[in-house]
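The values are calculated or read from the model by the stated rules, or taken from the named source; none is laboratory data. Owing to the predicted nature of the structure, the values given are computational and were not obtained by experimental measurement. Cβ placement follows ideal geometry from the backbone for every residue including glycine, while neighbour counts extend to all protein chains displayed. Remember, those area values only see protein heavy atoms, side chains included, never the ligands or the DNA or RNA. Shrake-Rupley method; radii C 1.70, N 1.55, O 1.52, S 1.80 Å.
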Amino acid sequence: MKKYLLSILFIFSIIPSFAKHITGGEVIYEYLGPGSNNSKTYRITLLLFRDNTCVGCAQMPGSVSLGIFNGTVQFGQYMNVALTSTEPISVVSSPSCLTNAPQFDYSVGYYTFTTELPNNANGYTVTYQTCCRVDDITNIGSTPSVGATYVGLIPGSNTLAGGNDISARFEKGISIICANKNFLLNFSATDPNGDLLVYNFAPAFNGGAAVDAGYATPQAPPYGSVPYSVPFSGLSPLGSGASINPSTGIISGIAPPAGKYIVCVEVKSYRNGQLVATHRKDFIVTVAPCDFASSELNPVYTSCDGFTVNFQNLNNSALNLTFDWDFGDPASGPLNTSTEETPSHTYSTAGDFILTLIVNRNTPCADTATAIVKVYPGFFPALAPVPSQCKNTPIQFNDVTTAAYGTVNYWRWDFGDPASDGDTSRIRNPIYTYTAANTYLVTMIVGTSKGCRDTLSQMVTITDKPNLIITNDTLICTVDTLQLQSNFTTGNINWSPYYMISSTTAFNPLVSPDVTTTYTATYSDNFGCTATKSVKVSVVNEVTLLAANDTTICRTDSARLMLNTDALYFAWTPANLILDPTVKNPIVFPTAPTTDFNVRASISNKCFKDKTIRVSTVPYPVPLVSGDAEICFGKNAQLNASGGSIYRWSPPTYLNSTTIPNPIAIAPKRTTTYTV
């Protein structure tokens, strides 16, 4: 029994060091002045956030262990810092008329110490690591408990601050966020130095080698990211519907489904245009399955293809019971208002209008939203086609967009060239040069002064050389003249050899060689890009034409007429009895007893031969056979057939012949059925 109790006590004694309790963290610092021996004195504070509603979670740690690193080298010993104080965190943002509201109870613990750090160029990293965040974090999927690393980055002498800096510090309030609803989350910070602050999402750090909540030897940087699960990432921790304002640190948009989400924000401090310091806060944000009534609209609605615009409340809550729309178009008379949930309105003219939506009017849960509606139809975005061109040649792109209202004044081109960081343009008709042969997707965003905007794209083919196409190898007679063809009309072309050719620089010259000759075309475009192709012109004195012998077929059957010839063109008659009278070996359908099929096989109008193939038709044979017969065993039987010229009997058993019309069955030993 004593052994059993001791085991229980031991288990309970280790639970707190492994229990989940940390919701977020931040490390701030404050330069206090010069220290001794060429050093600086700093007050450093670790802030740890705890969700007090967490079941089975450990209390705020009584002390923590922090490490200070100069790059990857530890400075001094690990710092064991006691809990200085705690304070509750209040809810600073909550929708009105909230249903199924979450119960939030958060607190923050402060761990503060003062230290002297020798002056250096790159500054210091102050690090706290723990093994365990809370379980079931949505944006890292099914990963079991994952740790956390919270850091403070103190700048060194190579920055404008020179180490004499006070870090920015984030706001600590909590916002209530409802799943799949519009929300605002305040991740703004203040900077005691008055520096300009710029915000962005960043991957949250994992716990490194931390094995428990009281991990005493935090490791040196660099630090790895927690394992985000698709579609989330460190740069999109709340999904594609949420974004952070880089100037204010306010996170907004459409919330993801209910769950817990690790969100880490970096704020960069700029002084006189130069980066001074980077500061981080990592917090597990709760998205609750709550609901609220509200009126939510896009800031601007733009119609560039008609006067009719469709509207709906972006908050689709079941708590939105009534809808009062004002389309801001008094000229439309009684049609200017609607009580439909998803109305459409046809504006009386082009212009800017103020849209107003009131939900639940004259109730405690009423809410109002306004938006601008810009109605400017007649916007027709278009790109001029770009022909296939050669690499290393300037390509002209042209926007041919038209607009009935305002002016076309916005362009953003992306030439889709992965080999270049400068493959963009903001002018209407830019020129761009590709350095590699490929097919590129070019996109252009075009807009007008009235707010119309659209995105167009087209594929542009870039080749190693011009796509020169000339006449295929061909055949002529000595009396013929042939016009060679090329697919270009601009640039320069040169044909060789200079033999029986009307011009060596014409795009489509005439040739009349009396012997087989290969002509080569060398083309160069206006940018000096060249290509070469050849065509073999074979020359004969006359058409060679051999035809199959006359033939006989069964009437109503078809036949294929065969030629052996070097002719290029064919004209068969009578055409009404031929499937295709222009092919070399046509299929014919004669019905008369005798039909002459005539063909003119030609190489040109001057060079041809004629042939005739006679096709005779005969009716299908009408078979006649003797009737069934009975004979005595051992006797012979005479079989008789007529109506044909070729016969075949089966089975051959007992027959004296199987190929004559009147065979004899010689003493058949059993009853037999014969077929002819």
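FRET efficiency for residue 490 and residue 575, Cβ-Cβ distance as r, R0 = 60 Å, nearest 0.05? Efficiency, from the Cβ-Cβ distance: 0.90.
Candidates 82, 356, 599 compared by Cα position along the dipole of the chain: farthest toward the positive end lies 599, with charges placed on Cβ. Size descriptor for region 358-429, Kirkwood hydrodynamic radius: 16.7 Å (Cα pairs only, one decimal). Here the label points at residue 568 and residue 481, each 7 Å from Cα along the C-beta direction, are separated by 1.6 nm in the simple model. Taken over the C-alpha atoms, region 445-513 has Rg and Dmax values of 21.3, 69 angstrom.
Divide the volume of the convex hull around the Cα atoms of the chain by the residue count and you get 448 Å³ per residue. Taking the Cα centre of the chain as reference, the dipole from Cβ charges on Lys and Arg (+1) and Asp and Glu (-1) amounts to some 1700 debye. Remark: for residue pairs 391/450; 40/260; 268/374; 536/606, the C-alpha separation exceeds 29 Å in 391/450; 40/260; 268/374.
Of the residues 41, 55, 100, the one whose Cα sits farthest towards the positive end of the charge dipole of region 13-104 is 41 (charges of +1 on Lys and Arg Cβ, -1 on Asp and Glu Cβ, taken about the Cα centre).
Taking all protein chains as they are arranged and a probe of 1.4 Å, the heavy atoms of residue 464 leave approximately 100 Å² accessible to solvent. For region 353-435, run through the trypsin sites (Lys or Arg not before Pro) and keep only the ones in DSSP coil with at most 11 other Cβ atoms within 10 Å of their Cβ. Of the trypsin sites (Lys or Arg not before Pro), the ones in loops of region 353-435 whose Cβ has at most 11 other Cβ atoms within 10 Å are 426.
Inter-label distance, residue 472 to residue 667: 7.1 nm, where each label sits 7 Å from its Cα along the C-beta direction.
Taking 4 °C and 1.567 mPa s as conditions, region 215-347 diffuses translationally at an estimated 67 µm²/s according to Stokes-Einstein applied to its Kirkwood radius (Cα pairs). Over every Cα atom in region 465-562, the radius of gyration and the widest Cα-Cα span, Dmax, amount to 19.7, 67 Å. State the answer as a single residue: which of 293, 554, 202 lies farthest towards the positive end of the charge dipole of the chain, with beta carbon charges of +1 for Lys and Arg and -1 for Asp and Glu, about the Cα centre. Working it through, the farthest residue towards the positive pole turns out to be 554. The relative contact order of region 18-86, computed from alpha carbon pairs under 8 Å that lie at least 6 residues apart in sequence, is 27 percent. Taking each residue as 0.36 nm, the span from residue 344 to residue 657 lengthens on full extension beyond its C-alpha to C-alpha distance by 103.4 nm.
One chain, two ends: residue 592 and residue 116. Fully extended at 0.36 nm per residue, the span grows by 159.7 nm beyond their Cα-Cα distance. Ordered by solvent-accessible area of protein heavy atoms (1.4 Å probe), largest first, the residues 555, 560 come out as 560, 555. With no solvent and one equal point scatterer per Cα, compute the Debye intensity ratio I(q)/I(0) for region 330-383 at 0.26 Å⁻¹ and report its log10, rounded to two decimals. The calculated log intensity ratios at q = 0.26 Å⁻¹ are -1.18. Measuring with a 1.4 angstrom probe and ignoring ligands and nucleic acids, residue 107 comes out at about 20 Å² accessible. Rg and Dmax over the alpha-carbon atoms of region 62-171 stand at 18.4, 55 Å. Does anyone have the angle between helix 2-18 and the longest principal axis of the chain? Alpha-carbon axes, 0 to 90°, nearest 10? On a 0 to 90 degree scale, this one is about 80. What FRET efficiency comes out for residue 626 versus residue 556 if R0 is 30 angstrom and r is the Cβ-Cβ distance? Round to the nearest 0.05. With R0 = 30 Å, the Cβ-Cβ based efficiency is 0.55. For a straight C-alpha distance cut-off of 19 angstrom, the lysines reachable from residue 609 (same-chain residues fewer than eight places away being disregarded) are 584. Between residue 86 and residue 352, the modelled labels are 5.3 nm apart [label points 7 Å from Cα along Cα→Cβ].
Loop-located chymotrypsin sites (Phe, Trp or Tyr not before Pro) in region 595-646 (DSSP state not H, G, I, E or B) with no more than 11 neighbouring Cβ atoms inside 10 Å: 633. A 1.4 Å probe over all protein chains sorts 339, 349 by accessible area into 339, 349, starting with the largest. Taking every protein chain into account, the 1.4 Å probe leaves residue 341 with about 110 Å² of accessible area, to the nearest ten. Computing FRET efficiency as 1/(1 + (r/R0)^6) for residue 74 and residue 532, where r is the C-beta to C-beta distance and R0 is 56 Å, gives about 0.25. Placing 579, 482 in order of accessible area, with the largest value first and a 1.4 Å probe, yields 579, 482.
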